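The values are calculated or read from the model by the stated rules, or taken from the named source; none is laboratory data. Since we're looking at a predicted model, the values are computed, not measured. Methodologically, a virtual Cβ is constructed for each residue, glycine included, from the backbone with ideal geometry; neighbour enumeration extends over all protein chains shown.
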Amino acid sequence: MREMLEAVSAELKRLRWEGVDAVYVTEETLARLRLAARSQAPAPAAAQVPSAHDLVQARSFEGVQQEAKAALAAEYTGGPISIPSATAGPVRRAPEPAVVVAASPTADVPPPTPFTLPAGSQQEQWNWLKDKVLNDPVCRAHVRPGKHVVLGIGSLEADIFFCGEAPGAEEETQGEPFVGPAGQLLTRMIQAMGLKRDQVYIGNIMNWRPEMDSEFGNRPPSEQEMAYCLPHLRKQLEIIKPKVIVALGGTAIKGLLGADMAIGKARGKWHEWAGIPLMPTFHPSYLLRNNTMKTKRQVWEDLMLVMERIGLPISSKQRGYFTEPPQG
Ligand code: URA
């Protein structure tokens, strides 16, 4: 049960990051979440659990997130917690957070240690950085036996630097970013731009897959985890000096721009990282789940802006990708 609730909670958090404002949830799912919260909660705290009336209104994203978190907290602690980030809604909250939701796997992540790259060629600097990151004791401590710390990969001459969130299951197994289903989609996006995967650079905010109790699913990295890994990402950007950065999803925006911007609002507009133009767009894993013509077109429009910015030709066929065929 705890694993399921953790997965629901992490997924809702991820969707929120990706700019999703509402999720469809059946009455049955809501009832199950409510049951999970109630069955774990001690009698006095149970009064904080939403009433049936509240639940009828709890179809908003916040409401469902609240349900999942309450159920999850109850699973851990026997009582609900408050969720300060939630906007005012129909669901009541406990006055004080009873606990931090999980024994944080990030508690042992120290602050980052500043470092400088040694003098040398691009390739020498990248080799040095790779060696440093793959042997970093903090990164290694967060990787299970047989799995890998993951650094970015690609052309050191790349004009475009795609930045994602964190390695997933496939990536930590193979030691390469974006090789799972989301990565395969990213590769197709790159090909649609008329490029090969090895002509761009692909990196992540995180060097390791944020740990979960479950084998399945992913959770967004914590602030401490991101802070620890960010200097490694910055050094990759310093070495590559791309013409454009494409930030894939909310975590990449937060890591690079330090701002909590909803991807739905940030995308399609130019931002800047250390003087380099930065285009946010939806994460490919969001596209995999929201495989609508509208979302595909939005991502494609973002990528065409990138192509224009770096002077890549765009054919009329390419311009027409992901447009609805004329009716009739
Ligand atoms: N998602 C990411 O953000 N990065 C990866 O490397 C794989 C999936």
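Identify, please: which residue in the stretch 244-254 is surrounded by 24 or more Cβ atoms within 10 Å (Cβ to Cβ) and outside any strand (DSSP E or B) and is, among those, farthest from the chain's Cα centre (by Cα)? My answer is Ile253. Kindly indicate whether any position in the stretch 291-299 is surrounded by fewer than 16 Cβ atoms within 10 Å (Cβ to Cβ), in a loop (DSSP other than H, G, I, E, B) and within 18 Å of the chain's Cα centre (by Cα). Scanning the stretch 291-299, I find at least one residue that is surrounded by fewer than 16 Cβ atoms within 10 Å (Cβ to Cβ), in a loop (DSSP other than H, G, I, E, B) and within 18 Å of the chain's Cα centre (by Cα), so the answer is yes. Summed over the stretch 202-231, residues that are more than 15 Å from the ligand (Cβ to nearest atom) and modelled with pLDDT under 95 total 4.
Among residues of the stretch 166-178 that are of a type in the set (S, T, N, Q), those with a Cβ under 7 angstrom from a residue that is at pLDDT 95 or above and more than 9 Å from the ligand (Cβ to nearest atom), sequence gap 6+ or separate chain, pair up as Thr173/Lys147. Being under 28 Å from Arg309 (Cβ atoms), out of contact with any Pro (no Cβ under 9 Å at 6 or more places or on another chain) and surrounded by 16 or more Cβ atoms within 10 Å (Cβ to Cβ) is the requirement here; does Gln191 meet it? When the stated conditions are applied, Gln191 does not pass them. Among the residues of the stretch 266-313, just one is touching a Pro at 6+ places or on another chain (Cβ under 6 Å) and among the small types (Gly, Ala, Ser), namely Ala266. Whenever a residue of the stretch 229-244 is under 12 Å from Cys163 (Cα atoms), its partners that are at pLDDT 95 or above and of a type in the set (D, E, K, R), lying with C-beta atoms within less than 8 angstrom and at least six residues away or across chains, give the pairs Pro242/Asp159; Val244/Asp159; Val244/Arg309. Just to verify a result, which residue in the stretch 302-328, among those that are among the acidic types (Asp, Glu) and over 21 Å from the mean Cα position of the chain (by Cα), is farthest from Ala266 (Cα to Cα)? Among those residues, the one meeting the criterion is Glu324.
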